[in-house]
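The values are calculated or read from the model by the stated rules, or taken from the named source; none is laboratory data. Quick caveat: nothing in here was measured; it's all calculated off a predicted structure. Please note: Cβ atoms are built from the backbone with ideal geometry, for glycine as well, and neighbour counts cover all protein chains shown. All accessible areas refer to the heavy atoms of the entire protein, side chains included, with ligands and DNA or RNA removed. Shrake-Rupley method; radii C 1.70, N 1.55, O 1.52, S 1.80 Å.
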Amino acid sequence: MTDLSYDHKQHLKTLLPEPAINEIDHWIKKYPPERKRPPIIAALKVVQEHNGNYLTEELMQAVGEYLDVPQIAVFEVATFYSMFHLDKVGKHVISVCNNISCSLRGADNVIEQLQNRLNIKLGETTDDGLYTIKTVECMAACGGAPMLEVDKVYFENLTEEKVDQILSDIAALEIAKQKKPADLSAEVKK
Amino acid sequence: MGKVHLEIDGKPFEAEVGSMIIEVADLAGIYIPRFCYHKKLSVAANCRMCMVDVSSIPKAVPASATPVAEGMQIQTKTEKAVSARKSVMEFLLINHPLDCPVCDQGGECELQDLSMEYGDDVSRFTEGKRVVKDKNIGPLISTDMTRCIHCTRCVRFGQEVVGIREMGAIGRGEHMEISTYIEESIESEVSGNIIDLCPVGALNAKPSLFKARAWEMRQSPSIAAHDCLGSNVWVHHRRGDIIRVVPRENEAINEVWLSDRDRFSYQALTEGERLLKPRIKRHGEWQEADWQSALSFVASEMKRVIGGSQGKNFGGLIGNSVTTEESYLFQKLLRGMECNNIDFRTRRRDFSGDGRSSVRSGFNFPMEELDHMDATLLIAADLRHEQPLTALRVRKSTGFGNAMAINPFDGEYNFKLAHEIQPDPHFLAQEFARVIVAADKLNPDVLHAEAKEWLNGVESELVHEEIAKKLLHGEKSCIVLGVYVQEHPQAQTINWLAESLASITQSEWGYMTQGCNAAGNKIAGAVPMQSAAGGKSKAGKNAKQMLLEGLQGYFLFNCEPDVESVWSKEALNSLNNASFVVAATPFADGRALDYADVLLPIAGCYETSGTYINVEGTWQSFAAAVKAPEESRPGWKVLRVLANLFELKGFDYESSEQVINELREKFDAAGENKVARKIPPPLMQVNESEVSRKSLGLYQVDSIVRRAKALQQTPKASTHPISVSRVTT
Ligand code: SF4
Ligand code: FES
Ligand code: FES
């Protein structure tokens, strides 16, 4: 028997904080009410951001129920776009394009280099949970092939040096962040 | 719409503006290859197999997505068109497995056929092919998703025709797969149609998987036996065994579709526990017998019970999938023995309409019209489960029109409802009456004083007025009563209300009936109040009286009142207490083993010739597709022989055609006798215990469906029937 106390439409609200729901509502309002599918992408983006960079079955289902679209429609969107992750991923997902232009211009070398530096294979995440490498389809940056995207920034015309630089920059950022709480408390004490 | 003139392969044609090249070619009988195009689905144009050469356009264009234009010159077989198709075929075959020898679709595969014409012998693609994991989408459909060519017919069917999208395209590019949401089973009650739609062997029928090759089977036309539409089917069989059942196109009834119930029910016949020889119970033990001794035993017992009570203490009941010929002979036999206790309506509670003799069938407007209704009002109609294909028609009309419902169910709809009222089932008639009152306010000149008097005191609210308005103002509108209405204790009142509302709002109206042959049974005279073709009869007992009063003897003709009647508990009691019960049935299981004294093995559907008369009153005759197994015989033959044992006159039929012709003559001679409905008695509170039952489940409707293995394993088999709302049983 169906559990009558379970309100499908409201389930998402129990999974997300209010500002996130407001943001989704904001996107829903941009489309005519009978057009239910357009806000799926925006909703999934918000949900993923609040869930440590990946989606779960429960979340996808809740999005479907919240937007009143078939489950499969949400799943289609979630599996189509490489920016959505259906498994736990690292904090920084490095997406390397390996379609035709990038491949011709040495995407394989970029992948090789990343795998060696981070000591993981494609699709894997480092033990510290910081990095994931994956390949993606053409990102419409063929003019700057080979390219990769990480943390919403495109890096083009990649060379060995550039890839090293990108990794060092992210590492530096992470080190700075880890320091921060201590620094802050020191400030407070003063 | 205007017309344009064009040429296809040099021949001139006229076509509707806005139609696609492929439609015009199909009408003209010129075949253009296709995978994604289907006349009942939207244009997707994703396969590019239908390339044709249009003189004014430099590149080949897809015929399924190119609208016709004045003066267009289309060539379907030029070098340009053919080489475009060849390229498409080469791409399709890159990832298609070469497993035709073990594929059920082999021999009837659109890809296989077209690759004969457009494929190369040798592939230029030497890299590895992709493999897609198969999905388990339930007991009815097998999947081999590596074979999928992504035509999206199955996806569009769910989205457009059924209105419940279960299949989708997940992933992208080379990784795209057709799938359900995370390996969910398909739940829809018409899911089997994607098997027919799939142009390749990606989706096949699971129950018939690996049972036969397409070219080994022969096909016989028949009529499906599980709802009142009488969908047209082909029965595919090999060496006398039914392998599968597929739809036979009939725009007026089932279009090109078939419900899962009609498609997979045959499994009960091929894999159910069949009764293969007559059986007689002696000292509590079942013993096999030959026909001769079984029938003489039946005859002598019937004489004993009937003779001892002047026919009062014996009753005959007919099941939901019995043919018209069988019911006609059944009643002729019993009436010949002076027994008028004959009925098929084991689910009826209200027999107050029985005095008026009438052979009206449920619908007096064509079912097809449902597609075009501006307003449709459903009264306790669970279309998706009662007549699944009708739900598809109503869904079509909601593209422009309004569907509305007064249903005491927690209804499941595959279309939008403009208004929904969920009354307590006890107050179904009262709630409905409020719409009539609202309609009467809008158009007060139709109802006569007596009827207005009857409605006095009933108040309408805004929603009733809205419903009445839509019915009245819609150019085409109708009122459809579901099967549940005929089970309601106030069925006659609700029928009268529907007729009255229809006359006020100038709508069509019709009621759905239980089983596939309610109209046929009535015309055949398998009812206590009238004999064949509405002829006179001495009054007999109706199903309710027979089952509740408890008779000494019963003849059950493919009928299991202990399961399918609304009086099932009482029925079981009466049957257990009777001194003689004979059951003619295709099956050797069920409670008949306990309560019956003789079991007569009769043919199931597809194993006998016969006629079903559908809810629109269409007579559809069919021949037997296969022979009934072993000693079982078509029911009409059994009844004929039995009648001869009673030395009744007029039973010398040699074929079922003779039987139906005799009935047809009577029917035509009787003509239409329209009897006005009487004003029903004042609305009374309905007895609590009478309503608080469930309707028959989707896969419970007759003895055959109940034994169809795969259907019983579907999720729907356990979640339907939906209980009547707000009633605890
Ligand atoms: S499963 Fe069949 S119908 Fe569905 S997309 Fe694939 S080939 Fe087409
Ligand atoms: S191929 Fe890499 S960005 Fe287009
Ligand atoms: S049939 Fe025309 S593109 Fe598929």
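Annotations for the structure displayed:
- Figure legend. Inter-residue proximity from the stretch A:71-82: first residues facing chain B (nearest Cβ under 7 Å) and over 13 Å from B:GLU177 (Cβ atoms), second residues of a type outside the set (Val, Ile, Thr) and open to solvent by less than 40 Å² (accessible area, probe 1.4 Å), beta-carbon distance below 6 Å, spacing 6+ or different chains. Indicated pairs: A:GLN71/A:GLY64; A:GLN71/B:TYR181.
- Where a residue in the stretch B:189-205 is within 14 Å of another protein chain (Cβ to nearest Cβ) and within 16 Å of ligand 2 (Cβ to nearest atom) and its partner, wherever it lies, is open to solvent by 10 Å² or more (accessible area, probe 1.4 Å) and not in a helix (DSSP H, G or I), with Cβ under 9 Å and at least six apart: none
- Among (1) surrounded by 17 or more Cβ atoms within 10 Å (Cβ to Cβ); (2) modelled with pLDDT under 95; (3) at negative phi; (4) not aliphatic (A, V, I, L, M) - the single one B:ARG274 does not satisfy: (2)
- Subset of the stretch B:464-504 [in contact with a Ser or Thr (Cβ under 6 Å, 6 or more places away or on another chain) and farther than 24 Å from B:ARG347 by Cβ]: B:LEU471, B:LEU472, B:SER477
- Tally of residues being surrounded by fewer than 18 Cβ atoms within 10 Å (Cβ to Cβ) and part of a loop (DSSP other than H, G, I, E, B) across the stretch B:419-437: 2
- Checklist (1) open to solvent by 40 Å² or more (accessible area, probe 1.4 Å); (2) in contact (Cβ under 8 Å) with a residue 24 or more places away in the chain applied to B:MET89, failing item: (1)
- Filter result for B:SER83 (modelled with pLDDT under 95, more than 14 Å from chain A (Cβ to nearest Cβ), more than 16 Å from ligand 2 (Cβ to nearest atom) and not in a strand (DSSP E or B)): no
To keep it simple, each residue is scored yes or no on (1) among the aromatic types (Phe, Trp, Tyr); (2) open to solvent by less than 50 Å² (accessible area, probe 1.4 Å); (3) at pLDDT 90 or above.
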| residue | (1), (2), (3) |
| --- | --- |
| A:SER5 | no, no, no |
| A:LEU12 | no, yes, yes |
| A:GLU18 | no, no, yes |
| A:ASN22 | no, no, yes |
| A:LYS30 | no, no, yes |
| A:ALA62 | no, yes, yes |
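- B:GLU166 fulfils the conditions (1) within 16 Å of ligand 3 (Cβ to nearest atom); (2) closer than 22 Å to B:ARG263 by Cα; (3) acidic (Asp, Glu) except for a single criterion, (1).
- Conditions (1) within 16 Å of ligand 3 (Cβ to nearest atom); (2) surrounded by fewer than 24 Cβ atoms within 10 Å (Cβ to Cβ); (3) away from every other protein chain (no Cβ under 13 Å); (4) not polar (S, T, N, Q): number failed by B:VAL155: (3)
- Test for B:GLY316: is it surrounded by fewer than 19 Cβ atoms within 10 Å (Cβ to Cβ) and over 19 Å from B:ILE613 (Cβ atoms): no
- Selection status of B:ASP589, among the charged types (D, E, K, R) and surrounded by fewer than 22 Cβ atoms within 10 Å (Cβ to Cβ): yes
- Residue match in the stretch B:427-442 (condition: touching a strand residue (DSSP E or B) at 6+ places or on another chain (Cβ under 8 Å), closer than 19 Å to B:ASP227 by Cα and not small (Gly, Ala, Ser)): no
- The set of residues in the stretch B:158-187 being more than 12 Å from chain A (Cβ to nearest Cβ) and not hydrophobic (A, V, I, L, M, F, W, C) consists of B:GLU160, B:SER185.
- Check on B:ASP227, part of a helix (DSSP H, G or I) and within 21 Å of B:THR513 (Cα to Cα): no
- Where helices (runs of 4 or more DSSP H) fall wholly inside the stretch B:596-704, the ranges with 1 or more residues that are at pLDDT 95 or above are B:635-645, B:656-670.
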